[in-house]
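Enquirer: Handing you a structure now.
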Protein chains: 2
Amino acid sequence: MACLSIAEHLISRLVEVGIDAVFGVPGDFNLRLMDVLEKCVNAGADGDGPCHQALRWIGTCNELNAAHAADGYARMRGVGALVTTFGVGELSALNGIAGSCAERVPVIHVVGAPSLAAMGRRMLLHHTLPENILANSSNFRIFYEMSSRLCCDSAYLNKPASAAADIDRVIISALHKRQPVTIYLPQDIVDHPVPDAHAPLAPPDGSNLEITFFDSVAGGGRTMALVTARSDETSLTEATELAAMKINNAEKPVFIFDVGVHRFNLQSAVLRLLERCQIPFATHLMGKGVIGEDHPCYLGHYIGRLSETSVRQRVEDSDCLVVVGACLSDVNTGFFTSVEYSIEVHQGTMRVGKAWFTDVSEADALTRLTDLITPRHFDASRSFSRTSIASLGAEEDGETEGDTPLSNHHFYLNCRLPAGAVIVAETGTPMMALSHYRLPKGGSILMQPLWCSIAHPTHAPSAAGGGANDAASGGGCDHGESPRVFLFIGDGSLQVAAQELSTLVRCGLPVVVFVINNRGYTIERVVHPSGAHAAYNDVQNWDYCGLLSVFGGQRGVRVETLGQLREAMAAVVGGGCHVKGPMLVEVVIDQMDVPEGMMSALAEKAKMTMNNQTAQS
Amino acid sequence: MACLSIAEHLISRLVEVGIDAVFGVPGDFNLRLMDVLEKCVNAGADGDGPCHQALRWIGTCNELNAAHAADGYARMRGVGALVTTFGVGELSALNGIAGSCAERVPVIHVVGAPSLAAMGRRMLLHHTLPENILANSSNFRIFYEMSSRLCCDSAYLNKPASAAADIDRVIISALHKRQPVTIYLPQDIVDHPVPDAHAPLAPPDGSNLEITFFDSVAGGGRTMALVTARSDETSLTEATELAAMKINNAEKPVFIFDVGVHRFNLQSAVLRLLERCQIPFATHLMGKGVIGEDHPCYLGHYIGRLSETSVRQRVEDSDCLVVVGACLSDVNTGFFTSVEYSIEVHQGTMRVGKAWFTDVSEADALTRLTDLITPRHFDASRSFSRTSIASLGAEEDGETEGDTPLSNHHFYLNCRLPAGAVIVAETGTPMMALSHYRLPKGGSILMQPLWCSIAHPTHAPSAAGGGANDAASGGGCDHGESPRVFLFIGDGSLQVAAQELSTLVRCGLPVVVFVINNRGYTIERVVHPSGAHAAYNDVQNWDYCGLLSVFGGQRGVRVETLGQLREAMAAVVGGGCHVKGPMLVEVVIDQMDVPEGMMSALAEKAKMTMNNQTAQS
Ligand SMILES: Cc1ncc(C[n+]2csc(CCOP(=O)(O)OP(=O)(O)O)c2C)c(N)n1
Ligand SMILES: Cc1ncc(C[n+]2csc(CCOP(=O)(O)OP(=O)(O)O)c2C)c(N)n1
């Protein structure tokens, strides 16, 4: 392979690990890098140079949105990337990077930095903080150090000779730890040649890491890269034998699958285990949909005391609870009301009773358990599909009068999404509500229950880029497609990043955006009742239907009754519906109409948690 | 005075130092504080409790916009404040806080934090980063430490007993250093009583600081607080006597006033000095308008080699250049091409030739110099008003044909703003262009030439709240006003934070928004010519005129010819124009039409600087 420059090396690595779209905003310190990127984009799959696959640049309206988009893309595709400019751009993205850090999403954040020469002389450039007005010098490490706090590894490429190795190191870290990394690329070394020949990406010699490239189904058959640590054979054997013994001795073992199953790509190992052993399982909120909700062994959604009663009983009745890939955060455990687990499988670590085992690969552990656990028979009539939990769009046609004003519950009951739908659920009532309905067959859901930042509309384009509506996003933008990506977002959250809907229009992505207009921050009214009617929870009431038109797209539809909703649903997901670009449905709901039962429970628990936490000083 | 809670103490301090509007976004960890704030807002000037002046809450669409708004407010009013929620909100605001840090704008950032009890137990709450998935514990100091890097002082209120003193300390720091501070307020101590009686805000005993409260003219007669350090008498005498000797011995002394004159409130001291001594002066970019541009001693705008030739000659010809409150950054000095200064007056420090003097108050220095400098006579016929530099709106009526397509230059020549106009100029071509025209009488300009973040539309409401259109913003929102605030913003920058125009509509602020639609990031096309036609510099072309309508305001006007511009100008600033809410004018300009001469010069210098900076490794 020809000798590459540092920027070409970086871009070729992004492509190699499966990235076909980079998000971001140009700024003077990254423009040299942008030129190299643009060349790759224009060369396309046939070009020479570092790109042998199609690569797109998706310019977002601002950097926070780029970070959220790269996060959404990484959730769908395994890893994502964004480019920002020093200081102003980089800091704007941090809330998004922090979300990726908290929820373990590998995002590669490339920051275009001033030249090494200027930084070496500490020149008082724009986008810097003067550290000493008298000396006219600036500090060029502050932002890097701040960004690094949110990353599992970072590289300040201040030595051209080792830049390629540094880039490789942090990409391996991101793929292994499933967290963001920051790469600082000074503008004057962008075109420096990389000394060594360009070999395939590989973990350093002697490490216990290995990299696997595979064709992912979720990613539309594209390459995905995964870095895993090899198990210590003795640890693995001891841990899984002990665990299997406990499980086999138990009368009512239950598995709980959580976010880690998704992040460490354990779905197929889990499916093999379930198929052979037929043990019933539940999911935490963050693991929702990670295993198809139509699986015959699926019990439902377990979040401690906030769970649906039948699910809670089945889980808490178990004499051996095994949790895989858990995050035991407040929202994910019903405010710390979930029960103790007997066995935990984490990345690289397993706990069985009181015994901790390290150097146990999570995938190896599942494979070994599949062999060691005695198969059982699970009575599928007791599974989720037979419980009282409703599916999205479960209402039979016309069951309720068409002129009934829309309630939250009826909205979801009439929201019949196609098989394989990718649902993007905003923090706020939509996430809370959607978590209580069963997903369509093959459907998946993107949400952020740990970081809970209300700025996700930008997940939608990237979700679309990640398999669903792949054709539409794959550079095409010019042929109609049936929508497969559905964004549910409150009016308050929409206003945080409304401009990014413009990017859906620009890329011609057939995303359906449901704007839940309940006149403000309803979830805050509920969790903090003394502010239920406070003005600070109000937002300006926009003409939401006009928004896409301003961005160059089509007008939205406003629905206030069930009949109007049914009409709108027919238009957006009806049989022959092929559209170019996003569609918006404004769903008008009463200000205090929250998902039945569950929100009052949430308020209750929030209050309880709060009181428990009151300082005694 | 009655016993106050910690939150009441904090709010009473904000009011005491002159803040009458707080920006931000509510979130669960700040809702208890929001309740206290809302009570103050509702009580108004007559209520009891901590507020004896009207206080407003201005909820912005997102936190970055809140930070920019608080920054704009502080530039107009001396100090500003915003409230965000832990993690998600706080980090979203950081780019704005960094701008305030770089450009020395005191902003008080109050972060609603989880309860001390929860933080003490390191509970894995939402909005936190799990530090160790196995222990289910979170780190509650990361974000605080990140925020603190951008602040001159910070307080993590984890001891209720000293909370009031900590609040006072950081507010004093902000008012003295003119930089942001962060206050972490855990939700469970919001209502804790403050032990001591509430005395007026004062620097700690024994410090050399003093606080002054005065009625500012710029702030519409409202209270402003300033904290200054007392001079050491010997230093002051030696420094000013030496400086005065140099100035008196010089043939052609020239003063240069920069950003510090504004930030340290030196305008009246400077005016007294100019009146008595009649020494000609120029301004740097960041000091533009800090002394009225109609002053008879004003030479113009000095930014090294990028200055207008006559100004450059006058300044560089001087045998004694005195600079007050300088920031010697790249943009502010024409990319480091300004000449050496003989005398520098900084905050607390003076340099005269090679001699540095500390403990010299900048205000004292100016007062002393006023007495020591021998008065001269300045021939006003040589001042700025007689030079070739054009004023905004200088073109005589109808001088150019009405059907001429708009050029950048003709736009500004026909942009006749009223006396006292507050101009908000976005980074991008608007800032570069506007800096080359003379401001209207009594006019001022807000821009960010050092931090250069493109997200300022949100400065406009706060600028409006800071004196200009004070009546309209002072809680009123219901009577028409002549616009006095004018925002000039590129299409690219507008898209970064477009939703915030909704806040102008919501508050009924009569701001005029000129959207310069040149189809993308023109300034980047110019400073980096290889990307002039790159797709990454394009943005989606919106129906900008429809934007305000979506937010509930009135439709904008699109102008493409001089005639259309004249009509639009008559409508927005014409004699009897009284409006309620913002007006938008979309100004269509050719993609590569940049302010005459100056942009190509800029590109030249940028290239030069860049080459100079290339690493040799
Ligand atoms: C960036 C950020 N800012 C603030 C918050 C606090 N917050 C959580 S939910 C919420 C309101 C969401 O309102 P909306 O999207 O209208 O949903 P609703 O609950 O009304 O359906 C807010 C402001 C947050 N989570 N993230
Ligand atoms: C937050 C942030 N992101 C990116 C940049 C880099 N940047 C500087 S100017 C500019 C383009 C501004 O374009 P526009 O507002 O349309 O003004 P124009 O120069 O076209 O008149 C950009 C992207 C920045 N300064 N700040």
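Enquirer: For the range A:116-140, what are the residues that are touching a strand residue (DSSP E or B) at 6+ places or on another chain (Cβ under 8 Å), surrounded by fewer than 23 Cβ atoms within 10 Å (Cβ to Cβ) and assigned to a loop (DSSP other than H, G, I, E, B)?
Expert: A:R122, A:I133, A:L134, A:N136
Enquirer: Still on this structure, I have one more. Go over the candidates B:V315, B:V311 one by one and state the one that is among the β-branched types (V, I, T) and either in contact with a helix residue (DSSP H, G or I) (Cβ under 9 Å, 6 or more places away or on another chain) or within 14 Å of chain A (Cβ to nearest Cβ) (or both). If you could, list the steps in order and put the result at the bottom.
Expert: Details: B:V315 fails: either in contact with a helix residue (DSSP H, G or I) (Cβ under 9 Å, 6 or more places away or on another chain) or within 14 Å of chain A (Cβ to nearest Cβ) (or both).
Residue meeting the stated conditions: B:V311.
Enquirer: Taking the criterion of being within 11 Å of chain B (Cβ to nearest Cβ), open to solvent by 10 Å² or more (accessible area, probe 1.4 Å), more than 25 Å from A:L446 (Cβ to Cβ) and within 16 Å of ligand 2 (Cβ to nearest atom), would at least one residue in the range A:87-101 satisfy it?
Expert: Within the range A:87-101, one or more residues are within 11 Å of chain B (Cβ to nearest Cβ), open to solvent by 10 Å² or more (accessible area, probe 1.4 Å), more than 25 Å from A:L446 (Cβ to Cβ) and within 16 Å of ligand 2 (Cβ to nearest atom).
Enquirer: Sort out which residues of the range B:279-292 are in contact with a Leu (Cβ under 6 Å, 6 or more places away or on another chain) and either of a type in the set (A, V, I, L, M, F, W, C) or open to solvent by less than 10 Å² (accessible area, probe 1.4 Å) (or both), and write them in order of number.
Expert: If the condition is that a residue be in contact with a Leu (Cβ under 6 Å, 6 or more places away or on another chain) and either of a type in the set (A, V, I, L, M, F, W, C) or open to solvent by less than 10 Å² (accessible area, probe 1.4 Å) (or both), then B:A282 is the only one that fits.
Rundown of residues vs (1) over 14 Å from A:T182 (Cβ atoms); (2) outside the structural domain of A:P461 (by TED's automatic domain parsing); (3) touching a helix residue (DSSP H, G or I) at 6+ places or on another chain (Cβ under 6 Å), yes/no style:
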position	(1), (2), (3)
A:F86	no, yes, yes
A:V110	no, yes, no
A:R122	yes, yes, no
A:T128	yes, yes, no
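Enquirer: Would you pick out the residues in the range B:549-567 that are open to solvent by less than 10 Å² (accessible area, probe 1.4 Å) and either out of contact with any helix residue (DSSP H, G or I) (no Cβ under 9 Å at 6 or more places or on another chain) or facing chain A (nearest Cβ under 10 Å) (or both)?
Expert: Those that are open to solvent by less than 10 Å² (accessible area, probe 1.4 Å) and either out of contact with any helix residue (DSSP H, G or I) (no Cβ under 9 Å at 6 or more places or on another chain) or facing chain A (nearest Cβ under 10 Å) (or both): B:V550, B:F551.
Enquirer: Within the range B:400-409, take every residue that is open to solvent by 20 Å² or more (accessible area, probe 1.4 Å) and in a loop (DSSP other than H, G, I, E, B) and give me the one that is nearest to ligand 2 (Cβ to nearest atom).
Expert: The extreme case among them is B:S407.
Enquirer: Do we have B:T374 as part of a helix (DSSP H, G or I), closer than 21 Å to B:N248 by Cα and more than 13 Å from every other protein chain (Cβ to nearest Cβ) here?
Expert: no
Enquirer: Does B:G393 count as touching a Gly at 6+ places or on another chain (Cβ under 8 Å), in a loop (DSSP other than H, G, I, E, B) and not aromatic (F, W, Y)?
Expert: Numbers: touching a Gly at 6+ places or on another chain (Cβ under 8 Å): no; in a loop (DSSP other than H, G, I, E, B): yes; not aromatic (F, W, Y): yes.
Against the criterion (touching a Gly at 6+ places or on another chain (Cβ under 8 Å), in a loop (DSSP other than H, G, I, E, B) and not aromatic (F, W, Y)), B:G393 does not qualify.
Enquirer: Return the residue satisfying two criteria in turn: it lies in the range A:156-203 and is among the small types (G, A, S) and part of a loop (DSSP other than H, G, I, E, B), and of such residues it is nearest to A:I108 (Cα to Cα).
Expert: Here the residue is A:A202.
Enquirer: Tell me whether the range A:283-306 contains one or more residues that are part of a helix (DSSP H, G or I), within 24 Å of A:A380 (Cα to Cα) and touching a strand residue (DSSP E or B) at 6+ places or on another chain (Cβ under 8 Å).
Expert: Yes, the conditions are met somewhere in the range A:283-306.
Enquirer: Which ones in the range A:410-437 are open to solvent by less than 10 Å² (accessible area, probe 1.4 Å) and of a type in the set (D, E, K, R)?
Expert: Of everything in the range A:410-437, just one residue is open to solvent by less than 10 Å² (accessible area, probe 1.4 Å) and of a type in the set (D, E, K, R), namely A:E426.
Enquirer: I need the full set of residues from the range A:487-516 which are charged (D, E, K, R), within 16 Å of ligand 2 (Cβ to nearest atom) and either open to solvent by less than 10 Å² (accessible area, probe 1.4 Å) or outside any helix (DSSP H, G or I) (or both), in order please.
Expert: Listed by number, the list holds a single entry, A:E500.
Enquirer: Moving on to the next point. So which residues in the range B:107-127 are at the interface with chain A (Cβ under 7 Å from one of its Cβ atoms) and within 15 Å of ligand 1 (Cβ to nearest atom)?
Expert: Listed by number, the residues that qualify are B:L125, B:H126, B:H127.
Enquirer: Moving on. Every residue in the range B:145-159 that is open to solvent by 20 Å² or more (accessible area, probe 1.4 Å) and more than 24 Å from the chain's Cα centre (by Cα), please.
Expert: Scanning the range B:145-159 gives B:E145, B:Y156, B:N158, B:K159.
Enquirer: Would you check which residues across the range A:185-202 are touching a residue at least 60 places away in the same chain (Cβ under 8 Å) and away from chain B (no Cβ under 14 Å) and list them?
Expert: In the first step, residues of the range A:185-202 are kept if they are touching a residue at least 60 places away in the same chain (Cβ under 8 Å); the result is A:185-194, A:197-198, A:200-201.
Of everything in the range A:185-202, those that are touching a residue at least 60 places away in the same chain (Cβ under 8 Å) and away from chain B (no Cβ under 14 Å) turn out to be A:A197, A:H198, A:P200, A:L201.
Enquirer: Picking from B:E8, B:E38, which residue would you name as being of a type in the set (D, E) and within 11 Å of chain A (Cβ to nearest Cβ)?
Expert: Answer to the check: B:E38.
Enquirer: Could you tell me which of the residues B:D71, B:D20 is buried (at least 24 other Cβ atoms within 10 Å of the Cβ), of a type outside the set (A, V, I, L, M, F, W, C) and within 16 Å of ligand 2 (Cβ to nearest atom)?
Expert: Unique residue meeting the criteria: B:D71.
Enquirer: Can you pull out the residues in the range B:160-171 that are crowded, with 19+ Cβ neighbours inside 10 Å and more than 11 Å from chain A (Cβ to nearest Cβ)?
Expert: B:A164, B:D166, B:I167, B:D168, B:V170, B:I171
Enquirer: Could I ask something else about it? Taking the condition of being of a type in the set (G, A, S), in contact (Cβ under 8 Å) with a residue 60 or more places away in the chain and under 14 Å from A:L439 (Cβ atoms), how many residues in the range A:279-316 meet it?
Expert: The total comes to 3.
Enquirer: Hey, can you tell me all the residues within the range B:410-439 that are assigned to a loop (DSSP other than H, G, I, E, B) and more than 17 Å from B:V526 (Cβ to Cβ)? Show your work before the answer.
Expert: As a first pass, look at the range B:410-439 and keep what is assigned to a loop (DSSP other than H, G, I, E, B): B:414-421, B:426-428, B:435-437, B:439.
B:N414, B:C415, B:R416, B:L417, B:P418, B:A419, B:G420, B:A421, B:Y437, B:L439, listed by residue number.
Enquirer: Quick one: is A:R519 more than 16 Å from ligand 1 (Cβ to nearest atom) and not aliphatic (A, V, I, L, M)?
Expert: Spelling it out, it is not the case that A:R519 is more than 16 Å from ligand 1 (Cβ to nearest atom) and not aliphatic (A, V, I, L, M).
Enquirer: Can you tell which of A:V572, A:V588, A:V527 is modelled with pLDDT under 95, open to solvent by 20 Å² or more (accessible area, probe 1.4 Å) and either closer than 23 Å to A:L434 by Cα or of a type in the set (S, T, Y) (or both)?
Expert: The unique qualifying residue is A:V527.
Enquirer: What are the residues in the range B:326-356 that are under 21 Å from B:P280 (Cα atoms), open to solvent by less than 10 Å² (accessible area, probe 1.4 Å) and not in a strand (DSSP E or B), if any?
Expert: Answer for the range B:326-356, where residues must be under 21 Å from B:P280 (Cα atoms), open to solvent by less than 10 Å² (accessible area, probe 1.4 Å) and not in a strand (DSSP E or B): B:A326, B:C327, B:N332, B:T333, B:G334.
Enquirer: Right, here's the next one. Any residue that is at pLDDT below 90, touching a strand residue (DSSP E or B) at 6+ places or on another chain (Cβ under 9 Å) and surrounded by 21 or more Cβ atoms within 10 Å (Cβ to Cβ) - is there at least one of those in the range A:379-386?
Expert: The answer is yes; a qualifying residue exists.
Enquirer: While we're here: Does A:V513 satisfy the criteria of being facing another protein chain (nearest Cβ under 9 Å) and either within 14 Å of ligand 1 (Cβ to nearest atom) or over 21 Å from B:V36 (Cβ atoms) (or both)? Before the answer, list the steps.
Expert: On the way: facing another protein chain (nearest Cβ under 9 Å): no; either within 14 Å of ligand 1 (Cβ to nearest atom) or over 21 Å from B:V36 (Cβ atoms) (or both): yes.
For A:V513, the condition - facing another protein chain (nearest Cβ under 9 Å) and either within 14 Å of ligand 1 (Cβ to nearest atom) or over 21 Å from B:V36 (Cβ atoms) (or both) - is not met.
Enquirer: Further, regarding this structure: Could you check B:G393 against (1) on the phi < 0 side of the Ramachandran plot; (2) surrounded by 15 or more Cβ atoms within 10 Å (Cβ to Cβ) and say which number it fails?
Expert: Going through the list (1) on the phi < 0 side of the Ramachandran plot; (2) surrounded by 15 or more Cβ atoms within 10 Å (Cβ to Cβ), B:G393 breaks only (1).
The values are calculated or read from the model by the stated rules, or taken from the named source; none is laboratory data. Note that the structure is a prediction, hence the values are computed from the model and not measured. All Cβ positions, even for glycine, are placed from backbone atoms using ideal geometry, and neighbour counts span all protein chains on display. Note: accessible area is taken over every heavy atom of the protein model, side chains too, but ligands, DNA and RNA are not part of it. Shrake-Rupley method; radii C 1.70, N 1.55, O 1.52, S 1.80 Å.
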